[in-house]
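Notes to accompany the following structure.
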Amino acid sequence: MIWYPYEQMKTMKPPFKIVDAKGVYLKTPEREMIDSVSSWWSVIHGYKHPVLTEAIKAQADNFSHVMLGGLTHEPAEKLSEKLQSCLPGDLDYSFFSDSGSVAVEVALKMALQYYVNRGQTQRTMVLSLTHAYHGDTFKTMEVGDDEDYHFILEAYGESKNVVHIPTEIPALKKAFEKYHDRLNCMIVEPLLQGAGGMRMYDISFLKEARQLCDEYGVLLIFDEVATGFGRTGNRFVADLVLPDILVLGKALTGGYIGHAVTVANKKVYDGFYGDEPEKALMHGPTFMGNALACSVALKSIELFEQENYMEKIHKIEKITRREMAGFEDPRIKEVRIMGGCVCVEVYDRLCLNGYQQFAYEHGVFSRPFLNYLYAMVPYIIAEEELVLVLRTMKEWFH
């Protein structure tokens, strides 16, 4: 029996069974529906894309996986080279893993050990954001701040190593004044906080964070697992403000297979580089650098660049703003739009009960959570398909 995610198994509604998928459509035995959430924000090119499918098949004809411990292979080498060439600044050093959560764990471990390697063992603290979500493994839960997901950590009591602040510059400055000599890093979902409620904030906060990290010698980590590859309307938020460590996942492979990467700058990499074995990064997921994943990730990035996906994303945002203009209802607290994301936040989560079935009957797959009804569509979506998604959201309230 499958144990499904984020569900009380006794009371959960039976999930929709998918028998095929192509383009933006998921197909059940009864009907097809537009996937308005891109399989947790990852399937940016849609399903069954011929270029990506061929990349998987061609690599499988050679080999599907070999470990990176003592071995290497061309797909991992080429993907690392591609990331080095397309990422900003000196984000040149790619450590691969098999999921976004693990990649964030690696980033946090890098930040802590960077200072341990320098003899600064007092720097054990992490500065994070309120409403943060960085994954469901234990350290990522600790730096997260969402009681609906991470309430299990209450069993351990309040963490002494993590400080959470709102996305407000006065709170940011106060935290650095108080904790700067004990911080090893600050970690953020830049501009758009996903699972914490599709919360959006201004770039000025990140610019100030970068300045303070430089001033006090603290590493800045951008968790762009969800925001990378255009979701905020920027290719990467790292193009606007440069972090020391960048984490990518989800859309990295076009949603075809689980894979992620933690990318460090030269300063961080050099903090581990030397003759002392104890200064090495002792981490190694079994499936890091998986050949199938690296092959499809390389083609996914090439598609993103060659077919001008940023123009597609800007068109999605323009259509979304047009369709949602003036949309309001007494039950709605706020409508938020950024790049390829739209979120309708309601006052009472109960008013979203039944929406998933309503959307299904209108040819749309949606998965509201808590007080949030949202869409993060595949970037290949046609205008009429996007309009259907947005009008279905509005019709629910009418």
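The values are calculated or read from the model by the stated rules, or taken from the named source; none is laboratory data. For clarity, every value in this text was computed on a predicted model and none was experimentally measured. Because the Cβ atoms are built from the backbone with ideal geometry, glycine has one as well, and the counts that use them run over all protein chains shown. Just so you know, the surface numbers come from the protein's heavy atoms only, side chains and all, with ligands and any DNA or RNA stripped out. Shrake-Rupley method; radii C 1.70, N 1.55, O 1.52, S 1.80 Å.
Figures for the structure shown
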| item | result |
| --- | --- |
| Equivalent ellipsoid dimensions for the range 239-323 as semi-axes, Å, which come from the Cα gyration tensor, largest first | 33, 18, 10 |
| The chain, Rg to Rh (Cα coordinates; Rh as Kirkwood inverse mean 1/r) | 0.96 |
| Gain in span if fully extended, Phe16 to Thr53, counting 0.36 nm per residue against the direct Cα distance | 10.9 nm |
| Solvent-accessible heavy-atom area per residue, rounded to whole Å², over the chain at 1.4 Å | 46 Å² |
| Cα extents of the range 129-206 along the three principal axes, largest first (Å) | 33, 30, 16 |
| Between the range 203-268 and the range 317-391, the Cα center-to-center distance that results, in Å | 26 Å |
| Lysines with Cα under 25 Å of Lys315, excluding same-chain neighbours fewer than 8 positions away | Lys22, Lys48, Lys250, Lys299, Lys394 |
| Set Lys109/Lys266; Lys109/Lys160; Lys78/Lys139; Lys109/Lys139 screened for pairs whose C-alpha atoms are more than 19 Å apart | Lys78/Lys139 |
| Cut-off under 5 Å, modelled amide H: who pairs with Thr28 long-range | Val19, Met33 |
| Most fluctuating residue given options Ser85, Ser295, Ser97, as computed from a GNM of the chain linking Cα atoms under 10 Å | Ser85 |
| Cut-off 12 Å between beta-carbons: net charge of the residues surrounding Thr130, Lys and Arg +1, Asp and Glu -1 | -4 |
| Karplus (6.51, -1.76, 1.60) ³J(HN,Hα), θ = phi - 60°, over the range 355-370, in Hz, Gly and Pro reported as x | 5, 4, 5, 4, 5, 4, 5, 9, x, 9, 9, 9, 9, x, 9, 6 |
| HN-Hα J in Hz across the range 18-24 - Karplus 6.51, -1.76, 1.60, θ = phi - 60°, x for Gly and Pro | 9, 10, 6, 7, 7, x, 8 |
| Stretch gain in nm, segment Leu240-Thr121, where the contour uses 0.36 nm per residue and the Cα spacing is subtracted | 39.7 nm |
| Residues with amide H under 5 Å from that of Ser97, placed H, sequence gap 5 or more | Ala260, Val261, Thr262, Gly289 |
| Most mobile of Leu129, Leu183, Leu71 in a GNM of the chain (Cα contacts under 10 Å) | Leu71 |
| Surface accessible to a 1.4 Å probe, Ile56 within the full protein complex, Å² | 40 Å² |
| Additional length obtainable on full extension of the chain from Val387 to Ile319, 0.36 nm per residue less Cα span | 23.7 nm |
| Accessible area of Cys341 in the full protein assembly, 1.4 Å probe (Å², nearest 10) | 0 Å² |
| Share of pairwise Cα separations in the range 43-96, more than 12 Å, in percent | 73 percent |
| Candidates Gln84, Gln122, Gln113, ranked by Gaussian network fluctuation over the chain, Cα under 10 Å, top entry | Gln122 |
| Sequence-distant residues sharing a close amide H with Ile380 (under 5 Å, placed H) | Gly46 |
| Computed FRET value (nearest 0.05) for Glu215 with Thr137, which takes r as the C-beta separation and R₀ as 22 Å | 0.10 |
| Antiparallel content of DSSP bridges confined to the chain, in %, to 5 | 65 percent |
| Alpha-carbon gyration tensor eigenvalues x 5, square-rooted, for the range 299-398, Å | 26, 14, 12 |
| In order through the range 328-335: 3J(HN,Hα) via Karplus (6.51 cos²θ - 1.76 cosθ + 1.60), integer Hz, x for Gly, Pro | 8, 6, x, 7, 9, 7, 6, 10 |
| Helix-only CD estimate at 222 nm, as mean residue ellipticity for the chain, using -39500 (n - 2.57) per DSSP H run (n ≥ 4) | -11000 deg cm²/dmol |
| Cβ-Cβ FRET estimate between Tyr179 and Lys266, R0 fixed at 25 Å, reported to 0.05 | 0.45 |
| For the range 348-398, projected area of the alpha-carbon convex hull averaged over all directions, nm² | 3.5 nm² |
